[in-house]
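Colleague: Pasting a structure below so you can have a look.
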Amino acid sequence: MTFGEQPAYLRVAGDLRKKITDGSLPPHTRLPSQARIREEYGVSDTVALEARKVLMAEGLVEGRSGSGTYVRERPDPRRIARTGFHGPGTSTPFRQEQAAESARGTWESHSEQADASAEVAERLAIRAGDRVMRTKYVFRDAGETMMLSTSWEPLAVTGRTPVMLPEEGPLGGCGVVDRMAAIDVIVDNVAEEVGARPGLAEELLALGGVPGHVVLVVQRTYYASGRPVETADIVVPADRYRVSYHLPVR
């Protein structure tokens, strides 16, 4: 096989990827061995190995200890709704979706006080080391972990108030807008920035992914008169979910 300017390992990976996506190599099929790739494509062992690494990093194949490398089953991506700014009297998007009788979602959370890292401090317009309430969430659909979230709220805003703990107290679980309104902090804007990166080891362990899998990260911040009052990172496995936005026309 003649290869053009594109590196040979990418051309090999591209051809194998095509066979996976068109069904020539269906899920649970063993990927051709390194020796067979070398012979079929007329490339070196190094090229064959690098091509396999590309497919592994893309999440198309997975290694099985003592057995080889196999094509992964690719689920149809499901939707996670994001509906923009929520006015008073509304809960989080996840809770709204789970209100339907057919919904199978559950979640758990844990809150603790922490020192703001430099990154979190910048997002909240506070000083690094200032105290924040950090809440970690795990969201599941029919028992399968679908989303992780970590939020931070400056204790200068919520400390020693009834809403200091996001998931406890009279307004526990009501969402940032309602909780802040209860202490006369009026949220009037929310910004979300979506990006993608390789999942961290602890994230992939929780989400059921393999090393190299990509996650979507929604970086969300709520504002009250220009002051950040909550910021969060929402982590979603990119191979299983799509983030869907429904924004009002103003």
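So that you can scan it fast, the table gives a plain yes or no per residue for (1) in a helix (DSSP H, G or I); (2) open to solvent by less than 30 Å² (accessible area, probe 1.4 Å); (3) out of contact with any helix residue (DSSP H, G or I) (no Cβ under 7 Å at 6 or more places or on another chain); (4) under 20 Å from Arg140 (Cβ atoms):
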{"residue": "Trp152", "(1), (2), (3), (4)": "no, no, no, no"}
{"residue": "Ala156", "(1), (2), (3), (4)": "yes, no, yes, no"}
{"residue": "Pro162", "(1), (2), (3), (4)": "no, no, yes, no"}
{"residue": "Met180", "(1), (2), (3), (4)": "yes, yes, yes, no"}
{"residue": "Asp184", "(1), (2), (3), (4)": "no, no, yes, no"}
{"residue": "Val187", "(1), (2), (3), (4)": "no, yes, no, no"}
{"residue": "Glu193", "(1), (2), (3), (4)": "no, no, yes, no"}
{"residue": "Glu202", "(1), (2), (3), (4)": "yes, no, yes, yes"}
{"residue": "Leu205", "(1), (2), (3), (4)": "yes, no, yes, yes"}
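Colleague: A further question follows. Which condition does Val218 not pass, out of (1) among the aliphatic types (A, V, I, L, M); (2) open to solvent by less than 30 Å² (accessible area, probe 1.4 Å); (3) without any contact (Cβ under 8 Å) to a residue 40 or more places away in the chain, if it passes all the others?
Modeller: Failing condition for Val218: (3).
Colleague: Restricting to segment 99-109, name every residue that is modelled with pLDDT of 75 or more and either loosely packed, with under 11 Cβ neighbours inside 10 Å or of a type in the set (D, E, K, R) (or both).
Modeller: Correct list: Glu108 only.
Colleague: Oh, and also: Considering only segment 121-145, state which residues are open to solvent by less than 10 Å² (accessible area, probe 1.4 Å) and of a type outside the set (S, T, N, Q).
Modeller: Correct list: Ala121, Leu124, Val132, Met133.
Colleague: Any residue that is open to solvent by 60 Å² or more (accessible area, probe 1.4 Å) and either assigned to a helix (DSSP H, G or I) or modelled with pLDDT of 85 or more (or both) - is there at least one of those in segment 12-19?
Modeller: There is at least one residue in segment 12-19 that is open to solvent by 60 Å² or more (accessible area, probe 1.4 Å) and either assigned to a helix (DSSP H, G or I) or modelled with pLDDT of 85 or more (or both).
The values are calculated or read from the model by the stated rules, or taken from the named source; none is laboratory data. Here the structure is a predicted model, which is why all the values come from computation and not from measurement. Please note: Cβ atoms are built from the backbone with ideal geometry, for glycine as well, and neighbour counts cover all protein chains shown. Heads up: the accessible areas ignore ligands, DNA and RNA and are worked out on the full protein's heavy atoms, side chains in. Shrake-Rupley method; radii C 1.70, N 1.55, O 1.52, S 1.80 Å.
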